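Beneath this line is the structure, given in structure tokens, with notes to follow.
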Amino acid sequence: MSERATSRSGAAGPAPAAPGPEQLRNVVLVGPSGSGKTTLTESLALAAGALTRAGRVGEGSTVSDHEEIEHQQQRSVRLSLVPVEWRGVKINLLDPPGHADFAGELRAGLHAADAAVFVVSAMDFLDDADSTGPSSPTMALWRECAAAGLPRAVAVTHMDAARADFDQVLTACRQAFGDGRPDSVQPMDLPVRADGRVRGTVELISGETHGAAEPLPVTGPAREQLVEAIAGEDDELMERYLGGEALDEGALTAGLRGAVGHDTIHPVLPVTEDGTGAVDLLDLIVDTFPDPTGRPLPEPLDRRPEGAGPGSPLAAQVVQNTGDPYVGRLSLVRVLAGTLLPDLAVLVTGAQGRTEERVAGLTSPFGKLQRAVPQAQTGDLACVGKLTARVGDTLCDPAAPLVLPRWELPEPLLPVAVRARSRSDEDKLAQALARLTAEDPTVRVEQNPDTHQLVLWCTGEAHAGVLLHRLAEQHGVQVDREDHQVALRQTFGAAATGHGRLVKQSGGHGQYAICELRVEPLPAGGGFEFVDKVVGGAVPRHYIPSVEKGVRAQLEHGVGDGFPLVDLRVTLLDGKAHSVDSSDAAFQTAGAMALKDAAAQTPLRLLEPVAEVGVLVPDEFLGGVFNDLSVRRGRVLGTEPAGPGRSLLRAEVPELELSRYAVELRSLTHGTGSFTRSPLRYEPMPPALAAKAAGTGEKAAR
């Protein structure tokens, strides 16, 4: 945490603690970049007394954004945890990034939470905005929450803007989030305006006002609609309501808690940058959001006969890894069963197998600040230092081992080729990359054996920028970006014969090997075949494998342009040997020379890799994506429905056209498109492109 954040923090005392899981709420705040999510987190922390003054994103003084790169980019790039206490309940506020490049952090936050506050900005719904409904990125985030099965409330931020219209936002949210049931999106509060600005709120259930000035809005119709929606989700309440009974605040709150827990009602509240509405949102979280005991247990935990209470065997999962300059790696852990204690022996299970480790100590984070805690009970979140566990790994009782299912992470599809700037940087690079991949599971490091490039596979340019910044600032490693190269191949355009002659007999032990080869192209994917048709012992039997070995080595290195040769049948026709000067090395060299000679007798065809691509887009962008793939020399195989208003387009596209597709597809679809890719085959490249690429390959080979 920055010094400014620490100086205004009320978190210098002990971390909040809950008597039991029923007094816990794990809440993730979800919204697109610029929606005011981090500012809302500050307002909630201030209202709960965890801060003495709210920070500002523009000043770099918020609790959630404490990395230098976050201050530079003016947005969150990492999941942050801010625990507060409200009315005797501990609320773990999880603030993930809203940018699409950091969807891995978002999904970690969704996995750690039991409910979500979905943040939308009233500024996105103005009459002169690009759209009067939620943006495409906003809808993509809403679907992420739905896929995670989280109950959701909606917080409408920037209500203090002069032209913000809560009714207009509510109507748009009902159409977008109602899933065919507009009455499932219900306001809990109405804003109170005075002098053209929001000065307070009035609660519809209780009728209480907060910071409000006259005149109060008319709440009768809105309250009646809310009461009817709550009663409609509970048979007993509906019977009482239809019988003419006036439902009291306690009955309505209990009914709303059930409806929110079953994800059948999404409450909506207005909030402002100065904190108006924050108290109402905290009350809503405590009164209606589910505690950890209401969350379905994942397999195989749900089959435990002893259940998943604080006294059951430990089962916890690593949500996030971060690097700390003082204690090393810090692992944020969600406890799903049992109690996590300091100095406890745990079994770490995951993709790398099983290791038994000991919990060095437990802390509760408040942004960057770490506070020691005596334990982490069922449902709670805490940090453990110096574990070797990766994100998604399980911590469990060694006497009751299990492996919890991992959540799906976004596939990194943007290749960024880098080269160490100096020898000193090169010496430190491998260790720095190992630490980066341990902290960020959405980056993949590849040392390409064909192009000899070091490639960082990222989720987008913003993600790449953060990785390079962390390499430089946290690990002291400077790297330079270079153009990403695609591994090309070559094959023979027609059959040809080559002659390899190695004769050196100028005194002493010489070298003597002569061989004649015929090289023929095979169908695509045919690989390599070596055929021996030598007659009369012209090449001794024990030197024939040497010829094949030399040919194979030359195939890998290529000829001329430096691209490997594939899909060939090489037939050894004839040759000569010397009883003294012939050797294994000599026939390897002669075999390679014969292959190069054959290549000089026929045109070579340049082959490029083709990938099978699946593009998932909203229907409104389908035409644009189709045309874009055609420009990229793609062959569209067809489309199929992929849910309401979305389609999956399948195509075969040359990989040369996909290097920047992760960025360009996002731009084309306003951040809503995604794609998958898998290697398919190699195909001949168009002559004009082949001539250009061949020159590049020849230069690289030199």
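The values are calculated or read from the model by the stated rules, or taken from the named source; none is laboratory data. All values reported here derive from a predicted model rather than from experimental measurement. Positions of Cβ are backbone-derived with ideal geometry, glycine not excepted, and every protein chain shown enters the neighbour counts. Ligands, DNA and RNA are stripped out before the accessible areas are found, and what is left, the full protein with its side chains, is counted by its heavy atoms. Shrake-Rupley method; radii C 1.70, N 1.55, O 1.52, S 1.80 Å.
Mind telling me which of the residues Arg660, Arg650 ends up being touching a residue at least 60 places away in the same chain (Cβ under 8 Å) and open to solvent by 70 Å² or more (accessible area, probe 1.4 Å)?
Arg660
Please state which one of Gly196, Gly211, Gly207, Gly250 is surrounded by fewer than 17 Cβ atoms within 10 Å (Cβ to Cβ), free of Cβ contacts under 8 Å to residues at least 12 places away in the same chain and among the small types (Gly, Ala, Ser).
The conditions single out Gly250.
Quick one: how many residues across the stretch 33-66 are open to solvent by less than 20 Å² (accessible area, probe 1.4 Å), assigned to a loop (DSSP other than H, G, I, E, B) and either at negative phi or not small (Gly, Ala, Ser) (or both)?
Residues flagged as open to solvent by less than 20 Å² (accessible area, probe 1.4 Å), assigned to a loop (DSSP other than H, G, I, E, B) and either at negative phi or not small (Gly, Ala, Ser) (or both) within the stretch 33-66 amount to 8.
Can you tell which of Glu516, Glu529, Glu520 is within 15 Å of Ala599 (Cα to Cα), in a strand (DSSP E or B) and open to solvent by 60 Å² or more (accessible area, probe 1.4 Å)?
Just one listed residue meets the conditions, Glu516.
Residues checked against (1) open to solvent by 30 Å² or more (accessible area, probe 1.4 Å); (2) within 23 Å of the chain's Cα centre (by Cα); (3) within 26 Å of Leu110 (Cα to Cα):
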position	(1), (2), (3)
Gln352	yes, yes, yes
Gly361	no, no, yes
Asp397	yes, no, yes
Arg419	yes, no, no
Ala432	no, yes, no
Asp440	no, yes, yes
Arg444	yes, yes, yes
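More than 30 Å from Ser659 (Cα to Cα), modelled with pLDDT under 95, open to solvent by 50 Å² or more (accessible area, probe 1.4 Å) and not in a strand (DSSP E or B) - does that describe any residue in the stretch 542-565?
yes
Just need a number here: residues in the stretch 315-347 that are part of a loop (DSSP other than H, G, I, E, B) and under 28 Å from the mean Cα position of the chain (by Cα).
Total meeting the criteria: 3.
Would you check which residues across the stretch 455-490 are assigned to a strand (DSSP E or B) and either within 25 Å of Leu665 (Cβ to Cβ) or in contact with a Gly (Cβ under 9 Å, 6 or more places away or on another chain) (or both) and list them?
Val455, Leu456, Trp457, Cys458, Arg481, Glu482, Arg489, Gln490
Any chance the stretch 287-305 includes a residue that's open to solvent by 10 Å² or more (accessible area, probe 1.4 Å), over 26 Å from the mean Cα position of the chain (by Cα) and among the aliphatic types (A, V, I, L, M)?
No, there is no match, as no residue in the stretch 287-305 is open to solvent by 10 Å² or more (accessible area, probe 1.4 Å), over 26 Å from the mean Cα position of the chain (by Cα) and among the aliphatic types (A, V, I, L, M).
When both residues are 6+ apart or on different chains and their Cβ atoms are under 8 Å apart, which pairs have a first residue that lies in the stretch 599-610 and is closer than 17 Å to Thr451 by Cβ, and a second that is among the acidic types (Asp, Glu) and surrounded by fewer than 21 Cβ atoms within 10 Å (Cβ to Cβ)?
From the stretch 599-610, the pairs are Leu606/Asp561; Leu607/Glu683; Glu608/Glu655; Glu608/Glu683; Pro609/Glu655.
If we only count helices (runs of 4 or more DSSP H) wholly inside the stretch 161-251, which ones have 1 or more residues that are in contact with a strand residue (DSSP E or B) (Cβ under 9 Å, 6 or more places away or on another chain) and β-branched (Val, Ile, Thr)?
So the answer is 166-177, 220-231.
Between Val615, Val631, Val566, which is in contact (Cβ under 8 Å) with a residue 40 or more places away in the chain and under 30 Å from Thr491 (Cα atoms)?
Answer to the check: Val566.
Can you name every residue in the stretch 428-452 that is under 18 Å from Ala351 (Cβ atoms) and not in a helix (DSSP H, G or I)?
Across the stretch 428-452, the qualifying residues are Asp440, Pro441, Thr442, Val443, Arg444, Val445, Glu446.
Tell me whether the stretch 543-553 contains one or more residues that are in contact with a helix residue (DSSP H, G or I) (Cβ under 6 Å, 6 or more places away or on another chain) and β-branched (Val, Ile, Thr).
yes
Kindly provide the set of residues from the stretch 491-506 that are open to solvent by 40 Å² or more (accessible area, probe 1.4 Å), part of a strand (DSSP E or B) and under 19 Å from Val519 (Cα atoms), ordered by number.
Passing the criteria: Thr497, His499, Arg501.
If a residue must be open to solvent by 30 Å² or more (accessible area, probe 1.4 Å), assigned to a loop (DSSP other than H, G, I, E, B) and either closer than 23 Å to Ala108 by Cβ or out of contact with any His (no Cβ under 9 Å at 6 or more places or on another chain) (or both), how many such residues does the stretch 134-159 contain?
Selection size over the stretch 134-159: 2.
Any idea which of Asp343, Asp393 is farther than 22 Å from Leu93 by Cβ, of a type in the set (Asp, Glu) and surrounded by fewer than 17 Cβ atoms within 10 Å (Cβ to Cβ)?
Asp343
Anything in the stretch 608-627 that is open to solvent by less than 10 Å² (accessible area, probe 1.4 Å) and among the hydrophobic types (A, V, I, L, M, F, W, C)? List them, or say none.
Val610, Ala611, Val613, Val615, Val617, Val625
Can Ala462 be described as at pLDDT below 95 and either on the phi > 0 side of the Ramachandran plot or touching an Asp or Glu at 6+ places or on another chain (Cβ under 7 Å) (or both)?
So Ala462 fits the description; yes.
Residue-wise test of (1) closer than 29 Å to Ala691 by Cα; (2) touching a strand residue (DSSP E or B) at 6+ places or on another chain (Cβ under 6 Å); (3) modelled with pLDDT of 95 or more; (4) not in a helix (DSSP H, G or I).
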{"position": "Ala598", "(1), (2), (3), (4)": "yes, yes, yes, no"}
{"position": "Ala611", "(1), (2), (3), (4)": "yes, yes, yes, yes"}
{"position": "Glu620", "(1), (2), (3), (4)": "no, no, no, no"}
{"position": "Asp628", "(1), (2), (3), (4)": "yes, no, yes, no"}
{"position": "Leu648", "(1), (2), (3), (4)": "no, yes, yes, yes"}
{"position": "Ala651", "(1), (2), (3), (4)": "yes, yes, yes, yes"}
